[in-house]
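Structure, as structure tokens:
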Amino acid sequence: MLLCRVTGSTVVTVRAGGMGGAKLVVVRPEDGGPASSFVAVDAVGAGSGDLVLVAQGSAARIPDAVASVPTDATVVGIVDEASHDPGG
């Protein structure tokens, strides 16, 4: 899973079958790596600026809300608090 920040939303007027009304958000990894944003399906109702957990790959389709959605990235949690000890 990745710790990401929601930076925006995506509006899609024409969708593939199975996408239904899935909400799509733009997220950016918080790990200080490449600042490459990507689109994820939002299964939890995250909003702009929220710190979230994103599941990728086959794990992204495990939540019931997105089981039939063709996705490789799903927001699966809104983070209340996170801490990091870079020393170990």
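Simple spin-label estimate for Gln56 and Val44 gives 1.8 nm between the two label positions (7 Å along the Cα-to-Cβ direction from each Cα). Placing a label point 7 Å from the Cα of Asp80 along the Cα-to-Cβ direction, none of the residues of segment 1-20 has a backbone N under 16 Å of that point. How would you classify segment 21-64 from its alpha-carbon gyration tensor, with a ≥ b ≥ c the square roots of the eigenvalues: rounded for a/c under 1.5, else prolate if a/b is greater than b/c, otherwise oblate? Because a/c hits 1.5 or more and a/b fails to exceed b/c, segment 21-64 counts as oblate.
Taking amide H as placed 1.01 Å from N in the peptide plane, the amide H of Glu30 sits under 5 Å from that of Leu3, Cys4, Arg5, each at least 5 places away or on another chain.
If you count only protein heavy atoms with a 1.4 Å probe, what accessible area per residue comes out for segment 15-88, rounded to a whole Å²?
On the way: 4250 Å² over 74 residues.
Each residue of segment 15-88 exposes 57 Å² on average to a 1.4 Å probe.
Run the accessible area of the chain with a 1.4 Å probe and give the carbon-and-sulfur part as a rounded percent. The nonpolar share, carbon plus sulfur, comes to 52 percent.
Using a cutoff of 8 angstrom between alpha carbon atoms and counting only pairs six or more residues apart, the relative contact order for the chain works out to 30 percent.
Given that compact globular proteins tend to follow 2.2 N^0.38 Å, what is the ratio of the alpha-carbon Rg of the chain to that value?
That works out to 1.10 for the chain.
Database remark: amide H of Gly77 closer than 5 angstrom to the amide H of Leu53 (H placed geometrically; neighbours at sequence offset of 5 or more, or on other chains; Pro and chain starts carry no H). Label separation (Ala65 vs Val26): 2.1 nm, computed from points 7 Å beyond Cα along the C-beta direction.
The values are calculated or read from the model by the stated rules, or taken from the named source; none is laboratory data. Bear in mind that the values here come from a model prediction, so they are computed numbers and not experimental data. Because the Cβ atoms are built from the backbone with ideal geometry, glycine has one as well, and the counts that use them run over all protein chains shown. These accessible areas exclude ligands, DNA and RNA; they are computed on the full protein's heavy atoms, side chains included. Shrake-Rupley method; radii C 1.70, N 1.55, O 1.52, S 1.80 Å.
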